[in-house]
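The values are calculated or read from the model by the stated rules, or taken from the named source; none is laboratory data. In this text the structure is predicted, and so the values were computed from the model without any measurement. Reconstructed Cβ throughout: ideal geometry from the backbone, glycine too, with neighbour counts over all protein chains shown. Ligands, DNA and RNA are stripped out before the accessible areas are found, and what is left, the full protein with its side chains, is counted by its heavy atoms. Shrake-Rupley method; radii C 1.70, N 1.55, O 1.52, S 1.80 Å.
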Amino acid sequence: MDLNEAVAFVAGGGGGFGAATARRLHAAGAKVLVGDLDDVKGKAVAEELGDGAAFVRTDVTDEDSVQAALDAAMELGPLRVAVVAHGGRGGKRILDKESKPAPQAAFSQVIDIFLNATYNIDRLAAAAIARSEPLAHGERGVIINTASIAAFDGTIGQTAYAAAKAGIVGMTLPLARDLGPLGIRAVTIAPGTFLTPAFRDADPDELDTYWGKAVPFPKRMGRAEEYAMLAQQIAENPYLNGETIRLDGGLRFTAKGGH
Ligand SMILES: NC(=O)c1ccc[n+]([C@@H]2O[C@H](COP(=O)([O-])OP(=O)(O)OC[C@H]3O[C@@H](n4cnc5c(N)ncnc54)[C@H](O)[C@@H]3O)[C@@H](O)[C@H]2O)c1
(Lines give C-alpha, C1' and ligand atoms only; values in the text may rest on other atoms or scores of the structure.)
Protein backbone atom coordinates (compact mmCIF):
# COMPACT_ATOMS: atom_id res chain seq x y z
CA MET A 1 0.00 0.00 0.00
CA ASP A 2 1.24 3.45 -0.84
CA LEU A 3 1.19 5.36 2.44
CA ASN A 4 1.06 8.67 0.57
CA GLU A 5 -2.58 8.07 -0.11
CA ALA A 6 -3.38 6.59 3.30
CA VAL A 7 -4.98 7.75 6.54
CA ALA A 8 -3.83 5.88 9.64
CA PHE A 9 -5.56 5.69 13.02
CA VAL A 10 -3.11 4.97 15.84
CA ALA A 11 -4.77 3.91 19.10
CA GLY A 12 -2.42 4.66 21.99
CA GLY A 13 -0.72 7.13 19.66
CA GLY A 14 0.70 9.12 22.58
CA GLY A 15 2.57 6.09 23.96
CA GLY A 16 5.87 4.43 23.13
CA PHE A 17 4.91 2.21 20.20
CA GLY A 18 2.03 4.42 19.12
CA ALA A 19 4.00 7.68 18.93
CA ALA A 20 6.91 6.05 17.10
CA THR A 21 4.49 4.51 14.60
CA ALA A 22 2.57 7.76 14.14
CA ARG A 23 5.89 9.51 13.37
CA ARG A 24 7.04 6.85 10.95
CA LEU A 25 3.77 6.54 9.02
CA HIS A 26 3.51 10.33 8.83
CA ALA A 27 7.10 10.58 7.53
CA ALA A 28 6.16 8.01 4.87
CA GLY A 29 3.36 10.29 3.69
CA ALA A 30 0.33 9.08 5.65
CA LYS A 31 -2.13 11.35 7.42
CA VAL A 32 -2.38 10.29 11.04
CA LEU A 33 -5.14 10.44 13.63
CA VAL A 34 -3.59 10.03 17.06
CA GLY A 35 -6.04 8.51 19.55
CA ASP A 36 -5.09 8.34 23.23
CA LEU A 37 -6.69 8.66 26.64
CA ASP A 38 -3.89 11.00 27.70
CA ASP A 39 -4.54 14.33 26.00
CA VAL A 40 -1.18 15.83 26.92
CA LYS A 41 0.86 13.05 25.33
CA GLY A 42 -1.50 12.52 22.39
CA LYS A 43 -1.76 16.22 21.56
CA ALA A 44 2.00 16.61 21.75
CA VAL A 45 2.51 13.90 19.12
CA ALA A 46 -0.08 15.40 16.75
CA GLU A 47 1.39 18.90 17.19
CA GLU A 48 4.90 17.64 16.59
CA LEU A 49 3.77 16.05 13.31
CA GLY A 50 1.91 19.18 12.22
CA ASP A 51 0.14 19.13 8.85
CA GLY A 52 -1.74 15.93 8.16
CA ALA A 53 -2.00 14.93 11.82
CA ALA A 54 -4.72 15.39 14.42
CA PHE A 55 -5.46 14.22 17.95
CA VAL A 56 -8.75 12.98 19.37
CA ARG A 57 -8.97 11.97 23.02
CA THR A 58 -9.99 8.34 22.82
CA ASP A 59 -10.90 5.68 25.34
CA VAL A 60 -10.30 2.41 23.51
CA THR A 61 -12.67 0.55 25.84
CA ASP A 62 -15.60 2.74 24.80
CA GLU A 63 -17.51 2.17 21.55
CA ASP A 64 -18.65 5.79 21.05
CA SER A 65 -15.22 7.17 21.82
CA VAL A 66 -13.46 4.90 19.29
CA GLN A 67 -16.14 5.63 16.69
CA ALA A 68 -15.68 9.40 17.18
CA ALA A 69 -11.93 9.03 16.64
CA LEU A 70 -12.49 6.96 13.50
CA ASP A 71 -14.98 9.54 12.21
CA ALA A 72 -12.32 12.22 12.69
CA ALA A 73 -9.77 10.02 10.89
CA MET A 74 -12.13 9.59 7.93
CA GLU A 75 -12.40 13.38 7.67
CA LEU A 76 -8.69 13.37 6.78
CA GLY A 77 -9.33 10.98 3.87
CA PRO A 78 -9.97 7.27 3.27
CA LEU A 79 -8.91 5.21 6.27
CA ARG A 80 -6.41 2.49 5.31
CA VAL A 81 -4.42 1.65 8.45
CA ALA A 82 -5.43 1.00 12.05
CA VAL A 83 -2.68 0.42 14.59
CA VAL A 84 -3.75 -0.89 18.00
CA ALA A 85 -1.01 0.12 20.45
CA HIS A 86 -2.70 1.30 23.63
CA GLY A 87 -1.36 0.18 26.99
CA GLY A 88 -2.73 -0.96 30.29
CA ARG A 89 -1.64 -2.33 33.61
CA GLY A 90 -2.22 -5.32 35.77
CA GLY A 91 -1.00 -8.73 36.62
CA LYS A 92 -1.21 -10.94 39.65
CA ARG A 93 -0.13 -14.43 40.56
CA ILE A 94 -3.17 -16.69 40.62
CA LEU A 95 -2.47 -17.35 44.32
CA ASP A 96 -0.81 -14.83 46.63
CA LYS A 97 1.80 -15.66 49.26
CA GLU A 98 -0.94 -16.82 51.67
CA SER A 99 -2.43 -18.99 48.88
CA LYS A 100 -5.43 -16.70 48.57
CA PRO A 101 -6.88 -16.69 45.03
CA ALA A 102 -6.55 -13.56 42.91
CA PRO A 103 -9.78 -11.59 42.47
CA GLN A 104 -11.67 -12.54 39.32
CA ALA A 105 -12.20 -8.82 38.67
CA ALA A 106 -8.45 -8.30 38.34
CA PHE A 107 -8.33 -10.90 35.55
CA SER A 108 -11.33 -9.35 33.80
CA GLN A 109 -9.83 -5.84 33.92
CA VAL A 110 -6.71 -7.00 32.10
CA ILE A 111 -8.79 -8.87 29.51
CA ASP A 112 -10.94 -5.76 29.07
CA ILE A 113 -8.15 -3.33 28.35
CA PHE A 114 -5.95 -5.56 26.22
CA LEU A 115 -8.23 -8.07 24.47
CA ASN A 116 -11.75 -6.64 24.51
CA ALA A 117 -10.56 -3.14 23.60
CA THR A 118 -8.47 -4.55 20.74
CA TYR A 119 -11.56 -6.26 19.36
CA ASN A 120 -13.56 -3.05 19.86
CA ILE A 121 -11.06 -1.09 17.75
CA ASP A 122 -10.67 -3.88 15.18
CA ARG A 123 -14.39 -4.21 14.47
CA LEU A 124 -15.01 -0.46 14.23
CA ALA A 125 -11.83 0.20 12.23
CA ALA A 126 -12.65 -2.67 9.86
CA ALA A 127 -16.05 -1.09 9.17
CA ALA A 128 -14.39 2.29 8.57
CA ILE A 129 -11.73 0.82 6.24
CA ALA A 130 -14.47 -1.10 4.39
CA ARG A 131 -15.93 2.28 3.41
CA SER A 132 -12.69 3.25 1.61
CA GLU A 133 -12.52 2.58 -2.13
CA PRO A 134 -10.26 -0.35 -2.95
CA LEU A 135 -6.80 0.51 -4.26
CA ALA A 136 -5.25 -1.17 -7.31
CA HIS A 137 -5.26 -4.97 -6.81
CA GLY A 138 -8.29 -4.67 -4.55
CA GLU A 139 -6.58 -3.76 -1.28
CA ARG A 140 -8.51 -1.51 1.07
CA GLY A 141 -6.34 -1.47 4.16
CA VAL A 142 -4.76 -3.22 7.12
CA ILE A 143 -5.27 -3.70 10.84
CA ILE A 144 -2.12 -4.02 12.95
CA ASN A 145 -2.63 -5.38 16.45
CA THR A 146 -0.14 -5.59 19.28
CA ALA A 147 0.27 -8.81 21.25
CA SER A 148 3.41 -9.71 23.23
CA ILE A 149 5.78 -12.65 23.44
CA ALA A 150 3.93 -13.29 26.72
CA ALA A 151 1.26 -14.82 24.46
CA PHE A 152 3.71 -17.71 23.92
CA ASP A 153 5.96 -17.69 26.98
CA GLY A 154 4.15 -15.77 29.71
CA THR A 155 5.99 -15.32 32.99
CA ILE A 156 5.03 -15.56 36.65
CA GLY A 157 2.12 -13.22 37.39
CA GLN A 158 1.08 -12.97 33.74
CA THR A 159 -1.91 -15.33 33.53
CA ALA A 160 -4.30 -12.53 32.59
CA TYR A 161 -1.89 -10.58 30.37
CA ALA A 162 -0.73 -13.74 28.58
CA ALA A 163 -4.34 -14.84 28.08
CA ALA A 164 -5.28 -11.44 26.64
CA LYS A 165 -2.29 -11.40 24.32
CA ALA A 166 -2.83 -15.02 23.26
CA GLY A 167 -6.41 -13.99 22.45
CA ILE A 168 -5.06 -11.34 20.10
CA VAL A 169 -2.76 -13.89 18.46
CA GLY A 170 -5.71 -16.26 18.09
CA MET A 171 -7.87 -13.57 16.51
CA THR A 172 -5.36 -12.73 13.83
CA LEU A 173 -6.05 -15.45 11.26
CA PRO A 174 -9.86 -15.36 11.57
CA LEU A 175 -9.72 -11.57 11.25
CA ALA A 176 -7.74 -11.95 8.02
CA ARG A 177 -10.23 -14.58 6.83
CA ASP A 178 -13.29 -12.49 7.75
CA LEU A 179 -11.89 -9.37 6.11
CA GLY A 180 -10.06 -10.87 3.13
CA PRO A 181 -13.09 -10.58 0.82
CA LEU A 182 -13.03 -6.81 1.47
CA GLY A 183 -9.32 -6.49 0.75
CA ILE A 184 -8.47 -5.80 4.39
CA ARG A 185 -5.47 -7.53 5.98
CA ALA A 186 -4.79 -8.23 9.66
CA VAL A 187 -1.32 -8.71 11.13
CA THR A 188 -0.18 -8.86 14.77
CA ILE A 189 3.16 -7.79 16.20
CA ALA A 190 4.35 -9.70 19.29
CA PRO A 191 7.09 -7.56 20.86
CA GLY A 192 9.67 -8.76 23.37
CA THR A 193 10.81 -6.14 25.90
CA PHE A 194 11.00 -2.58 24.61
CA LEU A 195 12.25 0.59 26.23
CA THR A 196 9.04 2.63 26.27
CA PRO A 197 7.26 4.79 28.86
CA ALA A 198 5.45 1.58 29.90
CA PHE A 199 8.55 1.04 32.11
CA ARG A 200 7.82 4.34 33.85
CA ASP A 201 9.96 4.35 36.94
CA ALA A 202 13.01 2.32 36.03
CA ASP A 203 16.41 3.56 34.92
CA PRO A 204 16.79 2.99 31.14
CA ASP A 205 20.47 1.93 31.32
CA GLU A 206 19.76 -0.58 34.08
CA LEU A 207 16.78 -1.93 32.14
CA ASP A 208 18.85 -2.32 28.99
CA THR A 209 21.59 -4.16 30.88
CA TYR A 210 19.15 -6.42 32.73
CA TRP A 211 17.07 -7.40 29.71
CA GLY A 212 20.01 -7.34 27.30
CA LYS A 213 21.55 -10.34 29.07
CA ALA A 214 18.55 -12.45 28.08
CA VAL A 215 18.41 -11.36 24.44
CA PRO A 216 20.59 -13.36 22.01
CA PHE A 217 21.19 -10.25 19.85
CA PRO A 218 21.15 -7.27 20.01
CA LYS A 219 21.93 -7.37 23.74
CA ARG A 220 19.55 -4.61 24.76
CA MET A 221 15.83 -3.91 24.89
CA GLY A 222 14.00 -3.11 21.69
CA ARG A 223 13.36 0.46 20.62
CA ALA A 224 9.93 1.78 19.74
CA GLU A 225 11.33 2.84 16.36
CA GLU A 226 11.99 -0.85 15.61
CA TYR A 227 8.33 -1.62 16.26
CA ALA A 228 7.42 1.30 13.98
CA MET A 229 9.70 -0.03 11.21
CA LEU A 230 7.81 -3.31 11.26
CA ALA A 231 4.43 -1.56 11.38
CA GLN A 232 5.40 0.40 8.26
CA GLN A 233 6.49 -2.77 6.48
CA ILE A 234 3.23 -4.49 7.41
CA ALA A 235 1.28 -1.53 6.02
CA GLU A 236 3.29 -1.43 2.80
CA ASN A 237 3.70 -5.14 2.05
CA PRO A 238 0.40 -6.53 0.72
CA TYR A 239 1.44 -10.15 1.14
CA LEU A 240 1.77 -9.97 4.93
CA ASN A 241 -1.54 -11.22 6.31
CA GLY A 242 -3.07 -13.41 8.99
CA GLU A 243 0.23 -13.75 10.86
CA THR A 244 1.76 -12.86 14.22
CA ILE A 245 5.35 -11.69 13.95
CA ARG A 246 7.61 -11.90 16.98
CA LEU A 247 9.87 -8.85 17.30
CA ASP A 248 12.16 -9.77 20.15
CA GLY A 249 15.84 -10.14 19.22
CA GLY A 250 15.36 -13.88 19.79
CA LEU A 251 14.30 -13.42 23.46
CA ARG A 252 12.38 -16.28 25.06
CA PHE A 253 10.95 -15.47 28.49
CA THR A 254 11.86 -17.74 31.37
CA ALA A 255 9.45 -18.10 34.32
CA LYS A 256 10.73 -14.81 35.74
CA GLY A 257 11.11 -13.06 32.41
CA GLY A 258 14.74 -12.64 31.53
CA HIS A 259 16.95 -14.96 33.57
N1 LIG B 1 6.95 -2.00 25.97
C2 LIG B 1 7.06 -3.32 25.91
O3 LIG B 1 8.09 -3.89 26.30
C4 LIG B 1 5.95 -4.16 25.33
C5 LIG B 1 6.23 -5.51 25.07
C6 LIG B 1 5.23 -6.31 24.54
C7 LIG B 1 3.98 -5.77 24.28
N8 LIG B 1 3.75 -4.45 24.55
C9 LIG B 1 2.40 -3.96 24.27
O10 LIG B 1 2.44 -2.82 23.43
C11 LIG B 1 1.33 -1.97 23.72
C12 LIG B 1 1.85 -0.56 23.91
O13 LIG B 1 2.90 -0.58 24.83
P14 LIG B 1 3.84 0.69 25.06
O15 LIG B 1 5.09 0.15 25.65
O16 LIG B 1 3.90 1.54 23.86
O17 LIG B 1 3.02 1.42 26.22
P18 LIG B 1 3.00 2.96 26.69
O19 LIG B 1 2.64 2.93 28.13
O20 LIG B 1 4.25 3.66 26.27
O21 LIG B 1 1.80 3.59 25.82
C22 LIG B 1 0.49 3.17 25.96
C23 LIG B 1 -0.44 4.33 25.62
O24 LIG B 1 -1.78 3.84 25.71
C25 LIG B 1 -2.56 4.86 26.29
N26 LIG B 1 -3.77 4.29 26.89
C27 LIG B 1 -3.90 3.60 28.04
N28 LIG B 1 -5.18 3.27 28.26
C29 LIG B 1 -5.90 3.76 27.21
C30 LIG B 1 -7.27 3.75 26.86
N31 LIG B 1 -8.20 3.16 27.65
N32 LIG B 1 -7.64 4.34 25.71
C33 LIG B 1 -6.73 4.95 24.89
N34 LIG B 1 -5.41 5.00 25.18
C35 LIG B 1 -5.00 4.41 26.33
C36 LIG B 1 -1.65 5.53 27.32
O37 LIG B 1 -2.11 6.85 27.63
C38 LIG B 1 -0.31 5.53 26.57
O39 LIG B 1 -0.11 6.73 25.84
C40 LIG B 1 0.63 -2.60 24.93
O41 LIG B 1 -0.44 -3.40 24.46
C42 LIG B 1 1.69 -3.49 25.52
O43 LIG B 1 1.12 -4.61 26.19
C44 LIG B 1 4.69 -3.63 25.07
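The smallest convex shape that holds all Cα atoms of region 69-192, its convex hull, gives 105 Å³ per residue.
Have a look at the DSSP beta bridges in region 3-247 and tell me what percent are antiparallel, nearest 5.
Working: 1 of 32 bridges.
For region 3-247, the DSSP antiparallel bridge percentage is about 5.
Given the -39500 (n - 2.57) contribution per DSSP H run of 4+ residues, what per-residue ellipticity at 222 nm results for the chain, rounded to the nearest 500 deg cm²/dmol? If you can, show how the numbers build up before the last one.
Details: 9 runs with 105 residues, N = 259.
So the helix-based figure for the chain works out to -12500 deg cm²/dmol.
Taking amide H atoms as placed 1.01 Å from N in the peptide plane, the amide H of I245 lies under 5 Å from those of T188, I189, A190, each 5 or more residues away in sequence or on another chain.
Computed from label points 7 Å out along Cα-Cβ, the spacing between I156 and K213 is 1.5 nm.
Semi-axes of region 100-153's equivalent ellipsoid from the Cα gyration tensor, sqrt of 5 times each eigenvalue, largest first, rounded to whole Å?
Working: eigenvalues 228, 37, 4 Å².
The three semi-axes for region 100-153 are 34, 14, 5 Å.
For region 10-110, build the charge dipole from Cβ charges (+1 Lys, Arg; -1 Asp, Glu) around the Cα centre, then report which of L70, A46, S99 sits farthest towards its positive end. Going by the Cα projections, it comes out as S99. Taking every Cα-Cα distance in the chain and sorting them into 10 Å bins starting at zero, the pair-distance distribution P(r) comes out as 8, 31, 37, 19, 5, 1, 0 percent.
Kirkwood Rh, Cα Rg: Rg to Rh for region 1-55? Write down the numbers at each step before the final one.
Details: Rg = 9.8 Å, Rh = 10.4 Å.
My calculation of the ratio gives 0.94.
The phi torsions of region 152-168, fed into the Karplus equation with coefficients 6.51, -1.76 and 1.60 and a -60° offset, translate into couplings of 10, 9, x, 9, 3, x, 10, 4, 5, 4, 5, 5, 4, 6, 5, x, 5 Hz, rounded to whole numbers, with Gly and Pro shown as x. For V83, nonlocal amide neighbours, meaning residues 5 or more places apart or on other chains whose placed amide H falls under 5 Å from its own, are F9, V10, A11, I144.
With 31 Å as the limit, the listed pairs K43/K97; K97/K213; K43/K219; K100/K165; K41/K97 have K43/K97; K43/K219; K41/K97 beyond it between alpha carbons. When each of the peptides 32-38, 83-89 is scored by the mean number of other C-beta atoms lying within 10 Å of its residues, the order from highest to lowest reads 32-38, 83-89. Relative contact order of region 3-247: 19 percent, from C-alpha pairs under 8 Å at least 6 residues apart in sequence. Across all directions, the average flat footprint of the convex hull enclosing the Cα atoms of region 1-115 is 8.0 nm². Karplus-based coupling profile of region 228-245, in residue order and whole Hz: 5, 4, 5, 4, 5, 4, 4, 5, 7, 9, x, 8, 7, 6, x, 10, 9, 10, with θ = phi - 60° in 6.51 cos²θ - 1.76 cosθ + 1.60 and x standing for Gly or Pro. In this structure the amide hydrogen of L135, modeled in the peptide plane, comes within under 5 Å of the amide hydrogens of R140, none closer than 5 places in sequence on its chain. Put the Cα centre of region 222-259 next to the Cα centre of region 16-76 and the gap is 22 Å. For the chain, the solvent-accessible area works out to 47 Å² per residue, with a probe of 1.4 Å and every protein chain left in place.
Within the accessible area of region 65-187, the carbon and sulfur atoms contribute 56%, probe 1.4 Å, all protein chains present.
Full extension of the chain segment joining H137 with Q67 gains 22.4 nm, where the gain is 0.36 nm per residue of separation less the Cα-Cα distance.
Once the Cβ-Cβ distance between Q233 and S108 is put in as r, and R0 is 41 Å, what FRET efficiency do you end up with, to the nearest 0.05? That pair, Q233 with S108, gives E of 0.75.
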